[in-house]
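Quick notes on the structure that follows.
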There are 4 protein chains.
Amino acid sequence: MARKRSEQCHLAILEAAASVLDERGYLGMTIEEVAQRAGAGKQTIYRWWGGKPMLALEAHYAVPANQHTIADTGSVEGDLRTHLMKLVAALSDGERARTIAGLMAEAQTNPKFAVAFREKFLEPKRAAMQAVFELGKERGELPVLADAYLLTDLIYGPVWYRLLVGHAPLDGGFVEALITSVMAAARAPHCSMVGNRDE
Amino acid sequence: MARKRSEQCHLAILEAAASVLDERGYLGMTIEEVAQRAGAGKQTIYRWWGGKPMLALEAHYAVPANQHTIADTGSVEGDLRTHLMKLVAALSDGERARTIAGLMAEAQTNPKFAVAFREKFLEPKRAAMQAVFELGKERGELPVLADAYLLTDLIYGPVWYRLLVGHAPLDGGFVEALITSVMAAARAPHCSMVGNRDE
Amino acid sequence: MARKRSEQCHLAILEAAASVLDERGYLGMTIEEVAQRAGAGKQTIYRWWGGKPMLALEAHYAVPANQHTIADTGSVEGDLRTHLMKLVAALSDGERARTIAGLMAEAQTNPKFAVAFREKFLEPKRAAMQAVFELGKERGELPVLADAYLLTDLIYGPVWYRLLVGHAPLDGGFVEALITSVMAAARAPHCSMVGNRDE
Amino acid sequence: MARKRSEQCHLAILEAAASVLDERGYLGMTIEEVAQRAGAGKQTIYRWWGGKPMLALEAHYAVPANQHTIADTGSVEGDLRTHLMKLVAALSDGERARTIAGLMAEAQTNPKFAVAFREKFLEPKRAAMQAVFELGKERGELPVLADAYLLTDLIYGPVWYRLLVGHAPLDGGFVEALITSVMAAARAPHCSMVGNRDE
DNA sequence: AACTAACCGAGACGGTACGTCTCGTCTTCGC
DNA sequence: GCGAAGACGAGACGTACCGTCTCGGTTAGTT
């Protein structure tokens with residue numbers, strides 16, 4: 001019976017948050033500034049997002065360029081190459097990269113957000129990646145015993161590592177080398193994993 | 001003639017910092033509380049460490065159990081296994097794991113600390129790991145074209161990824177699967193990397 | 001053509017306001033809580049009362065025990081004694097006293113309400129009190145030059161003063177002493193006042 | 001051993017508070033604005049004053065024109081006249097009057113402040129006033145049975161009443177009439193009060 | 001009987017100030 | 001002059017209410 005949530009205000013806040021993220025980065029973003037730019041009250045943000053991390057996550061996600069899906073190109077290597085190239089291209093925007101690094105950082109010190117970040121952001125990407133490997137197994141590109149869960153760690157682990165540590169660039173050369181390495185690992189016989197899954 | 005830096009106070013602060021890290025985690029640690037527990041002034045901490053991240057880093061490092069070196073066991077696989085097993089054992093202490101995750105998080109939002117963290121903490125570990133692969137190449141275990149820099153990313157990337165995301169355990173099974181995969185990647189022929197090094 | 005004001009809702013709000021005043025005092029009363037207790041919307045309150053002070057004033061007034069009239073006992077002293085005794089008896093209920101003190105406080109910081117409070121609440125009491133003295137002059141109890149307006153200040157001033165400051169009790173002894181003093185002042189010859197009236 | 005309270009900052013805050021009181025009145029004064037004008041942090045104000053009412057009280061008191069003492073003119077009437085004339089003159093500055101009315105209002109809704117206001121502000125004035133009557137009794141101007149405590153209520157009560165209600169001006173005519181009335185009351189024989197004192 | 005305008009409950013909204021928190025710097029005094 | 005103690009400026013935090021607004025749903029009185 002009450003007034004409905006204003007979609008316009010919802011969008012204004014997301015846009016304001018996105019622009020603040022761009023200009024100041026995750027750390028420099030404050031609820032106060034987002035509210036002011038959106039012409040919104042702080043309470044409205046706290047009501048719907050509960051705080052800065054969830055707002056930043058949704059604001060990041062709302063940008064179409066940050067919604068990476070994995071296209072089926074017909075081969076595992078092709079899927080990986082297409083996806084990872086788009087990914088590193090997106091991350092070459094420094095502020096965008098700092099934002100998602102900031103979200104990962106927040107997850108380290110905020111257990112409540114860690115769960116949301118994993119479930120809303122990381123797991124969907126993992127699931128899509130695992131599907132690529134599973135499809136590869138069905139097509140006979142990869143041995144049936146290949147462990148898609150582990151291979152996903154092998155792909156995303158080094159990408160995140162370079163993103164967070166910044167010791168070397170995330171570029172095409174890195175992507176190619178990573179694909180070559182992971183494909184080699186996938187084709188090697190190795191026992192299936194036990195005990196390393198989410199419960 | 002100035003009074004000299006008090007070694008006793010230095011140690012008291014490190015101990016206090018370590019105990020606060022244990023009890024409250026990296027985020028919950030404040031300079032104020034460390035100073036109080038150490039019976040020290042805040043200025044003393046700012047004078048010698050410059051801030052919370054550097055103090056936490058040194059306090060973490062000062063614990064002997066956190067100083068991992070890589071022993072030479074005669075084979076790459078053995079070196080990796082020995083080192084990684086010790087590593088995951090240390091990280092199975094939740095608070096210890098949260099501390100170094102917290103340091104990584106801090107590095108994401110604090111560029112000055114990011115440099116120190118990389119140079120003082122991460123690079124030495126990388127260098128030791130690269131040495132393992134280089135030694136393997138010398139011994140003929142690995143092809144001479146194997147890219148030790150990339151292989152280091154392949155090892156540490158997934159470890160950090162699981163540590164930070166927490167989607168699956170860091171345990172013996174994971175270590176074994178990781179070693180098998182990376183060894184397979186190392187033995188596969190792949191072009192050497194270009195342009196992915198620190199400048 | 002339109003729906004009429006619901007008397008039931010009107011009463012529910014007044015009752016809710018009275019109970020909140022009792023439990024939390026004037027300061028602790030919020031429109032939000034009154035609305036919730038009454039099962040009413042906030043807008044309904046703002047529509048009919050305009051805000052918290054007017055609501056509190058009407059809620060206070062709606063309680064029969066707070067509607068003091070002055071009975072004619074045949075003598076000024078008797079009128080004063082009867083009225084003031086009832087008054088201090090009502091004010092000995094702490095929360096009731098706090099409510100009217102709160103209304104006076106509100107009037108200090110809210111000019112719009114100050115006018116309403118004076119006209120709806122204070123002036124009627126003053127008028128009744130002045131009538132007592134005028135009647136006394138007609139009956140020859142007081143000199144014709146006695147200034148009923150000033151005498152009203154002399155009566156109500158100290159009562160409000162003790163109510164607001166709380167340095168000494170509002171009790172029978174005080175009432176007697178006050179009456180004695182004011183009667184003495186009334187009988188003394190003193191020039192009529194100039195320039196101290198409402199315009 | 002620690003840093004001492006900065007007298008300069010103390011004064012800057014009091015001055016800023018006084019100027020805000022002048023410009024915006026008690027209600028419109030906010031800690032935030034006072035801090036900003038004084039170039040101080042909000043915490044500094046909360047540390048030393050605990051909140052707006054105590055700050056406003058001290059800021060009001062710090063203005064020399066608000067420190068009314070009662071001079072000995074040789075007669076009770078003279079003392080009263082001199083003091084009350086100065087008092088109403090000070091209160092004829094509207095903003096000054098609103099400030100002390102605001103303090104009295106605050107005391108109605110803030111029991112902790114009520115105590116401070118009574119003890120630091122009201123009681124000293126009462127004590128001085130009582131001393132005037134006691135001196136009058138010693139000099140034989142007033143009967144020895146005159147109740148100085150009650151007479152103080154009779155003086156200050158109507159003054160506060162007019163200040164707070166604003167139904168009539170606080171001017172010289174009012175002062176004269178008040179003095180005449182209270183002197184008449186003081187000279188009339190009336191039993192000493194019982195049970196109307198602070199405990 | 002259908003229309004329709006105002007009333008009602010609910011509660012989202014833009015604001016504003018609150019009092020708290022922590023940061024990193026600055027000042028004072030004891031050793 | 002080092003070091004403890006802690007005051008200081010700064011500014012974001014999350015909360016509490018304010019008074020306004022927008023919803024459906026619910027009554028009356030017309031038409």
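No lab work stands behind these numbers, since they all come straight from the coordinates. Just so you know, these numbers come straight off a predicted model, no measurement behind them. As a convention, Cβ positions derive from the backbone with ideal geometry for all residues, glycine included, and neighbour counts pool all protein chains shown.
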Problem set entry | Principal semi-axes in Å for the stretch A:1-144 [√(5λ), Cα gyration tensor, largest first] | 34, 16, 14
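Which FRET efficiency value, to the nearest 0.05, do you get for residue A:93 and residue C:19 by plugging their Cβ-Cβ distance into 1/(1 + (r/R0)^6) with R0 = 56 Å? Working shown, then result.
Values: r = 59 Å, r/R0 = 1.05.
After rounding to 0.05, the efficiency reads 0.40.
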Problem set entry | Protection proxy ranking of A:109-121, D:10-22, C:66-78 - average other beta-carbon atoms within 10 Å, highest first | D:10-22, A:109-121, C:66-78
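Taking every residue in A:75-82, how many Cβ atoms of other protein chains lie within 10 Å of its Cβ, on average? Could the numbers behind the result be given before it?
Working: counts 0, 0, 0, 0, 0, 0, 0, 0.
Across A:75-82, the average partner-chain Cβ count within 10 Å equals 0.
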Problem set entry | Copies compared at residue C:140 - label distances in nm, ascending, label defined 7 Å from Cα in the Cβ direction | 3.8, 13.3, 14.3
Problem set entry | Derived scalar couplings ³J(HN,Hα) [the stretch C:162-175; Karplus, 6.51 cos²θ - 1.76 cosθ + 1.60; whole Hz; x for Gly, Pro] | 5, 4, 7, 8, x, 7, 7, x, 9, 9, x, x, 4, 4
For this session: Calculate the length of the line joining the C-alpha centroid of the stretch C:10-39 to that of the stretch B:119-181, in whole Å.
Result: 67 Å
Problem set entry | Length released on extending from residue C:139 to residue C:72, taking residue separation times 0.36 nm less the Cα-Cα span | 22.9 nm
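Hey, could you get me the Stokes-Einstein D for the stretch B:2-59, Kirkwood radius over alpha-carbon pairs, 20 °C and 1.002 mPa s, rounded to whole µm² s⁻¹?
Details: Rh = 11.1 Å.
For the chosen part, D equals 194 µm²/s.
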For this session: Would you tell me the mean number of C-beta atoms belonging to other protein chains that fall within 10 Å of each C-beta in A:167-176, as a whole number?
Result: 5
Exercise. Quick one: label points 7 angstrom along Cα→Cβ at residue A:112, distances to the other copies in nm, smallest first?
Worked result: 2.7, 3.1, 3.7
Exercise. For residue B:42, which inter-copy label distances result when the label point lies 7 Å beyond Cα on the Cα-to-Cβ vector, reported in nm to one decimal and in ascending order?
Worked result: 1.8, 2.1, 3.7
Exercise. Just which residue of chain D brings its Cβ nearest the axis of rotation onto chain A, and by how many angstrom, rounded whole?
Worked result: D:32, 7
Seminar exercise, completed: Once phi for every residue in the stretch B:33-46 is put through the Karplus expression 6.51 cos²θ - 1.76 cosθ + 1.60 (θ = phi - 60°), the whole-Hz ³J(HN,Hα) values, with Gly and Pro written as x, are 5, 4, 4, 5, 5, 7, x, 10, x, 4, 4, 4, 5, 5
Exercise. Hey, what do the phi angles of the stretch B:10-17 turn into as Karplus ³J(HN,Hα) couplings, whole Hz, using 6.51/-1.76/1.60 and θ = phi - 60°, x for Gly and Pro?
Worked result: 3, 5, 4, 5, 4, 5, 4, 4
For this session: Return the Cα extents of the protein assembly as shown along principal axes one, two and three, sorted largest first, each rounded to a whole Å.
Result: 128, 88, 37
Seminar exercise, completed: Each label sits 7 Å from Cα toward the beta-carbon; between residue C:42 and residue A:33 the label points are separated, in nm, by 3.0 nm
Exercise. Roughly what would the spin-label model give for residue A:131 and residue B:188, points 7 Å off Cα along C-beta, in nm?
Worked result: 2.3 nm
